[in-house]
Every structure is written in C-alpha cells, then in structure tokens.
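Let me begin by presenting the structure, written as structure tokens, before commenting on it.
The values are calculated or read from the model by the stated rules, or taken from the named source; none is laboratory data. What you are looking at is a predicted structure, and each value in this text was computed from that prediction instead of being measured. Glycine gets a Cβ as well: all are built from the backbone with ideal geometry, and neighbour counts include every protein chain shown. Accessible surface areas use protein heavy atoms only, side chains included; no ligands, DNA or RNA. Shrake-Rupley method; radii C 1.70, N 1.55, O 1.52, S 1.80 Å.
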Amino acid sequence: MLARLNVSLVIAIVSIDTARSVSAQATTPRAVLDAYCVTCHNERLRTANLTLDTLDPARAGDAAATWEKVVRKMRTGTMPPVGRPRPDQTAYDDVASALEATLDQAAAAHPDPGRPSIHRLNRAEYANVIRDLLALEVDVRSLLPPDDSAYGFDNNADAMVVSPGLLERYMSAAKRIARLAVGDVAQQPAIESYEVSRYRVQDDRTADDTPFGTRGGLTVTHTFPVSGEYVVRVHLQRRRSQLPQDLEIRIDGERVRTFAVRAARPTDDGQPEPPLETRVSVSAGPRQIGVAFARKAAAVEGLSPAQLPVGNIAYRGRAGYEVGVERIDVGGPHNPVGPGDTPSRRALFVCTPRKASEEGACARRILTTLIRRAYRHPATDRDAERIMPFYQQGHADGGFDSGIRRAIERVLVDPQFLFRIERDPASVRPGAAYRLSPMEVASRLSFFLWSSMPDDELLAAAERGRLSTPADLEQQVGRMLASPKARALVDGFAGQWLHLRNIEAVTPDVNAFPAFDDNLRQAFQQETELFLLSQIQNDRPVAELLNADYTFVNERLARHYGIAHVYGSHFRRVALADRRRGGLLGHGSILTVTSYADRTSPVVRGKWLLENVLGAPPPAPPPNVPALPDNTAGGSPKSVRERMEQHRRNPACASCHAKMDPLGFALEHFDAIGQWRSMSEAGTPIDASGTLPDGRKFDGATELRALLLERGFAPTIVEKLLTYALGRGLDASDLPAVRHIVRDAAPSGYRWSALIAGVVKSTPFRMRRAET
C-alpha cells in the first residue's frame, strides 16, 4: 500500500512539472491528456474506472462512450479537479474540439440511430389523442394511473410497462369515452364531482371567463353525454360568511339559478351550510358550468384588514369572504331525450344512413375514417374487417348508434391505437440503420410537438411522400409550432425538464411562509408556462430563458414580487425594472420547487442548475449522508450557508457539494417561495458569492446569469429536446447529432425553431436501427 502511494506521489509531481511545460503552448490531445489526466486515469490507479493512457485519441470513435465522457468533462470545466494543475482555456477548447471532430467523423461513417422500444401512449398523450380524434375532452386522471418516468420524462418507452391492471383501466376508459362520444340514452344517472382546493383564497375572479363583479367558486367544462335534465349541487366550505352572500350558477355564461346564502348566526354552532342544488335541462355536449359569489365587502375598503391573521393555511381568508365553494356535483341524465348534436358526433358521423339498407356501408365508412386517424396510417381492408364484427354485435343489441359505440370501444383498445409501432422493413438486414417511413416520421413529429396524433394535413403530407426532405420537415415544424396544440411542448417537455410539474406537490411550511396559498401556487405555474409559451411561439433565442426583461403576472403574483400597478386576476406581460428577477432564475415556480418546505436549499438549486442548464449532473449521493445540522445547533441560529459549510467538512460530502453549493448560493437572495430578501435566517447579510468548477467567481444571481450566458447552454437544451423527442435516453452514439444540431442553429442565435427543426432533421429522429 505504501509503495503504491509513493508511486502515485511521484506521478503527481512529474505531472505538475509536465503541465507547467505545456500550459503556455498549443498542444495535441495526447500531450494535454498525458500532462493533466493520465496522472489519475491510468492502468495502475484506474480512478473512476477510467484509463486514458492506453487509448488513442486519434481513434476516438473506437471507444466513443469513453471519449464522450472526456469531452463533457472538458466542456464543463469539471476536470481536472479544482486544486490540480489545469490547462488554459485555449487548450481545453482545442482538445475538446479535436476529439469532437474525430467522434463526429466516425458517427457519420457508421451511423447508429438507436432502436427505441415500442412506445405506449402516456396519460397526457392518450387524453390529447382522444381530444383530436373524437373532439372530446376527458379527465384522464380519473381514467388512467400516472406514468413512470426515465431520463426525466414520462414518455420514455422503457418506463412504460403494461400490467393487467392497466389493461383493465384502458378497457374501462374506452367504454366510458365511447358513451360520451356517441351518447347513450339508456345509461344510468351518474354523479361527477369537481373540487376546489381548500388552500385557495376565494376573494377574486377564478378565471378570465368568469363574470366581472364575482369572486371565488369554480368554472369547469363538463361534457353532458345526452340531452336531458341534470342536477347541479354546490357544497360550501364549513365556515359561514359574516355577511349574506349571493351565489350564482351559470351554464355557458347564462345564469340558471341564484341562491341567497345567509350570514352566520350564533345558533349555527359551526354547522356548515347545506348543499345548494338546482335541476336544469341541458343539451348534450361540452358546457361550461360556473359557480361564483357576487362580490361584496365586509367593510368599506381600507377599514378592514386585507387578510385575517391565520393559524392554519386551510382557514385563511380575506375579511368578509370566509365562505367559499368546496365542491360541485353534476348528476344525471334524468329524463334523457336524445344524443343531441355534439362536436364528437359531428367528428364521428361522416355519413348518416337514411334507411336500414345503408347502415352497413355507412358504418364501414365511419370506422375506416376513424381507423386511419386512430392507427396513424392508411386503413386497410384487414383493419376494417377486424372492427366490423363489433359494430354488428352492437347493432344487434341496440341499433346503429350502439354498433358504432361498440366499434369505438374496440378501436380504443387496439395495440395500433395504444402503441406507436415502428416495423422494420423486410429488406433491411439485421442491425442495419434505415430511414423511417413517412407515416412513422409524421407520428414521431406530432407526438414530439403536440403530444398527440398527426392531423389530417400531416397525414396527407406523409401519404404523398412530402416528409422526406429537410425543407418539408421545416415547413411542418413551423406550421405545427404556430398551432395552439404546441402548448403541449410546454406542458410535456418544459414542465418536466424544468421540474415545473412539481409545483403542484410543494407544501411550504405555513409558519415559515404564512403568505403562501393555492392562488400563489397557481400563479407561479401560470407565469412560467406563459413565459415559455411566448418564448417558443415567438421564436426567441434560448438565451432569453435566463436574461428576459419581462414576465407574466397577475395582481397576486405582482404583489409577491413587489411589482406595482398590476390589478386583477388576469395575467399580462410586464417589463421588469428589477433585472434581478429576469429569466427563469427569478421565477417563483423554479425557486419554490428547488427549496425545502421551511428553507432554501443551495444543494437542490445547484443540482437543478447542473442538470438542466450546465448539462453536468452530479453523481448520486453516497448512502447514509448525514443530515444538515439543526439551525440552532451550537446555541445561536446559523444561516444555510454556515450550516452547509459545516456539512462539507465531511470528506464524503465535499467533492460533490463543491460543485453544487456555490451555484445554489447565488440564488440565496430568493427565499423558499421566491421572495427577495437581504438577510439570512440567522439575521446576517446574505452571502451569494461562489466559484464555478472552472474557477470563475461570481456574486449573486445577476453575475451567475452572465457567466452561464457566456458559457452557453444550447447543447443542454438540445440533449433534453432529443431525449423527449425520441422517448429514450441518449447514449454516446447520439452526441454527434447533438453537436450537429447546435452548430446548425448557431447562425440563428439558437432560436427555438432552429433547435427544434434540427432535432426533427437529425439522424436519430429520422432513422432507426433494425433488430439484430
């Protein structure tokens, strides 16, 4: 052991002398590696199980996985470790560029586009396909369980297992969806409920489409399966109002009932208001149900406190507005009169038989049209023959509509609907790379940008062979990004890449942050979603993700940020006078999901930056990591920074925390719900200074943002986009494509359209490897 230590010491000393001799001159990859890397990564020490002394950088393609790791470490400046001799920036760039060029040449000579597993539609994709196929919005959360994720996304094919229980849920969902789409006057009455979060303060309009002069309540879109009578029942929260209140129920904006809700009495003894209900006749189809209170005040403005003192977040409320809506139940149908003329029936029934002899031909036409769109390829006679027996059985039981309903159930559980299947051509030899068919490209493209099936225009382009050239693909990308359905790219891609979905699950400590409520939670999410949507649809350079001088706020969020002269629940774009708030690093959503319930977390924030901006995720933590010392350990309160410094004294923690913590410290001026502060929990001034792995120093979010922009983060975004688009994790064979996309997008300033078009035109997206 001692001999090995002496050898290592000699190697290190020689390495330092060698590094000094080469640091000031242009060097070859071999010379730089020998001077700075082989000291640790050699056959004798095998540090991190990596040996570079026996590999030839001139033949990097022979060991692409290893050399791609070397390139990433050099591009992110994480190796050699801080404290060891390092080459200058020119040497870093020269060596990384040389290795990349060799790897890219090898990839071009022998393309390996990968072979994704068969994709099952995830829950969001299923809902979107039903919307586009049947003109029907469904609450997919009540139909299907959530999906597992891998590599950061829930559309990863390897994570989409299919269990017997899931198949049963698909069958149940198909039956319910078919009834909603076609209508069934014979169905039994049922109740569907819509709940209001108990953490929501119901003191203002709940949505832009609710009437002015109202507050609280809930607005939902409910699909009435058939025309008939329905019971709308409103449950109020347990507390009563200080003042009498008027509650309105509206359907599609038309008031159908007003209830007088009396004020609290001493004799109530805490009993809640009984449910309020009305029975109304409604035509089939999607209708907007709105329940809201007429706005009143407990006292003249300025004479009552803006918000009552709280002991528990569930009981917070504005003065005079204690009563709120808890739940809406919609029950029916009662006395059904027919299926009506709904958007779903108009989409489905491309023909209507006038006599019994026409029903069979009309049914085949309806189902052939449906199959083409549902299976995402031209319908064949064999496809139709598999479905027609189900139509015939349903027809025998209840007539034409019943037959179509039964056939739809069968289509919605067919593997060609539930799975995105790509078949190897018979002429391709095993293991060879081949180009996908136009229909397969159309399917990949639509699920990438819309999380849904191809529309008629995209299917028609595929059938005509108009998806084979880069120009064809660019034209479709531009058209599809301009569609409202591109919102799915924000919800599906950005929501998971940035961990925005986690905002629904965070629960800040009510004692530490009494101002947090569900209104603020929803405002956080909507701000970031509107910001990202504006970035993508206005085709902005991705640098604006960090340095944008605007955001989207309503009154609640503006008050939280300290932005003046913003009133009402409506979100609007505002210019940011305080540039510290600019870009995603100033968004309350990002700052909250990267914090703990009662404090900020430089570790979580630093890890988020490493993974999602710098593209250099840290390794998993070792087992049995000690907890952060208590805030009052040692007698007096300590800041998070002081406690983290104490935590890093453990050698098992120091190596990774040295990379993460400084990045997180830069955001310490923002507390755990994104408010600006100047003092720490210990009452001392915030220290937001830090050092990047490559040695560059910064102080605060503004300086960190400038360094991140100087370094650039387009490669990280491209890797995330390509992972999401392919539905699989990337490996070394995909990274040359990432670099090609980044190079091609550089002249545009890395605009979203250039990055997305680059992904769609890339080898991994348009090609596939045949099964071996």
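Which count do you get for residues in the stretch 32-50 that are open to solvent by less than 30 Å² (accessible area, probe 1.4 Å) and part of a helix (DSSP H, G or I)?
Residues meeting the conditions: 4.
I'm told P244 meets every condition in (1) in contact with a strand residue (DSSP E or B) (Cβ under 9 Å, 6 or more places away or on another chain); (2) open to solvent by 50 Å² or more (accessible area, probe 1.4 Å); (3) farther than 11 Å from F293 by Cβ except one. Can you identify the failing condition by its number?
It is condition (3) that P244 fails.
Suppose the filter is basic (K, R), under 28 Å from G495 (Cβ atoms) and surrounded by 20 or more Cβ atoms within 10 Å (Cβ to Cβ); does R120 pass it? Walk me through it before giving the result.
Numbers: basic (K, R): yes; under 28 Å from G495 (Cβ atoms): yes; surrounded by 20 or more Cβ atoms within 10 Å (Cβ to Cβ): yes.
Considered against the rule, which asks whether it is basic (K, R), under 28 Å from G495 (Cβ atoms) and surrounded by 20 or more Cβ atoms within 10 Å (Cβ to Cβ), R120 comes out as yes.
Just give me the residues in the stretch 656-697 being more than 28 Å from E527 (Cα to Cα) and among the basic types (K, R), in sequence order.
Selection gives K659, R696, K697.
Please count how many residues of the stretch 343-367 are small (G, A, S) and either within 26 Å of V138 (Cβ to Cβ) or surrounded by 12 or more Cβ atoms within 10 Å (Cβ to Cβ) (or both).
Matching residues across the stretch 343-367 total 4.
Among the residues that make up the stretch 85-97, is at least one of them open to solvent by less than 50 Å² (accessible area, probe 1.4 Å), more than 30 Å from S149 (Cβ to Cβ) and outside any helix (DSSP H, G or I)?
yes
Output yes when any residue across the stretch 459-477 is within 15 Å of F765 (Cβ to Cβ), among the small types (G, A, S) and open to solvent by 40 Å² or more (accessible area, probe 1.4 Å), and no when none is.
Yes: one or more hits.
Go through the stretch 129-154 and give me each residue that's touching a Phe, Trp or Tyr at 6+ places or on another chain (Cβ under 7 Å), open to solvent by less than 30 Å² (accessible area, probe 1.4 Å) and in contact (Cβ under 8 Å) with a residue 60 or more places away in the chain.
F153
Taking the stretch 166-197 as the region of interest, how many residues are of a type in the set (V, I, T) and over 30 Å from V325 (Cα atoms)?
Adding up the residues that qualify gives 2.
Residues that are within 23 Å of Q89 (Cβ to Cβ), in contact (Cβ under 8 Å) with a residue 12 or more places away in the chain and not basic (K, R): does the stretch 729-738 have at least one?
yes
List every residue pair whose Cβ atoms sit under 6 Å apart, with the two residues 6 or more apart in sequence or on different chains, where the first one lies in the stretch 494-505 and is of a type in the set (K, R) and the second, anywhere, is open to solvent by less than 10 Å² (accessible area, probe 1.4 Å).
R501/G495
Evaluate the following for L704: is it without any contact (Cβ under 8 Å) to a residue 60 or more places away in the chain and in contact with a helix residue (DSSP H, G or I) (Cβ under 8 Å, 6 or more places away or on another chain)? Walk me through it before giving the result.
On the way: without any contact (Cβ under 8 Å) to a residue 60 or more places away in the chain: no; in contact with a helix residue (DSSP H, G or I) (Cβ under 8 Å, 6 or more places away or on another chain): yes.
So L704 does not fit the description; no.
Is it the case, given these coordinates, that L103 is in contact with a helix residue (DSSP H, G or I) (Cβ under 8 Å, 6 or more places away or on another chain) and within 30 Å of L55 (Cα to Cα)? Spell out the reasoning first.
Working: in contact with a helix residue (DSSP H, G or I) (Cβ under 8 Å, 6 or more places away or on another chain): yes; within 30 Å of L55 (Cα to Cα): yes.
Yes: the conditions hold for L103.
Quick check, is L136 farther than 30 Å from R572 by Cβ and part of a helix (DSSP H, G or I)?
Numbers: farther than 30 Å from R572 by Cβ: yes; part of a helix (DSSP H, G or I): no.
It is false that L136 is farther than 30 Å from R572 by Cβ and part of a helix (DSSP H, G or I).
Taking the condition in contact with a helix residue (DSSP H, G or I) (Cβ under 7 Å, 6 or more places away or on another chain), at pLDDT 95 or above and surrounded by 20 or more Cβ atoms within 10 Å (Cβ to Cβ), does I387 pass?
When the stated conditions are applied, I387 passes them.
Does F531 satisfy being aromatic (F, W, Y), closer than 25 Å to D209 by Cβ and in a strand (DSSP E or B)?
no
Give the stretch 476-519 a look and list any residue that's in a loop (DSSP other than H, G, I, E, B) and closer than 30 Å to L459 by Cα, or say none.
A482, S483
Answer yes if at least one residue in the stretch 548-558 is β-branched (V, I, T), over 18 Å from V201 (Cβ atoms), touching a residue at least 40 places away in the same chain (Cβ under 8 Å) and not in a helix (DSSP H, G or I), and no otherwise.
No - not one qualifying residue is present in the stretch 548-558.
Taking the stretch 161-202 as the region of interest, how many residues are open to solvent by less than 60 Å² (accessible area, probe 1.4 Å), in contact with a helix residue (DSSP H, G or I) (Cβ under 9 Å, 6 or more places away or on another chain) and closer than 13 Å to V413 by Cβ?
5
Take Q522 and decide whether it is part of a helix (DSSP H, G or I) and either of a type in the set (K, R) or more than 19 Å from E611 (Cβ to Cβ) (or both).
Spelling it out, Q522 is indeed part of a helix (DSSP H, G or I) and either of a type in the set (K, R) or more than 19 Å from E611 (Cβ to Cβ) (or both).
A quick yes/no check of all residues on (1) more than 19 Å from the chain's Cα centre (by Cα); (2) closer than 27 Å to E611 by Cα:
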| position | (1), (2) |
| --- | --- |
| D94 | yes, yes |
| P113 | yes, yes |
| N122 | no, yes |
| L133 | yes, no |
| G165 | yes, no |
| E168 | yes, no |
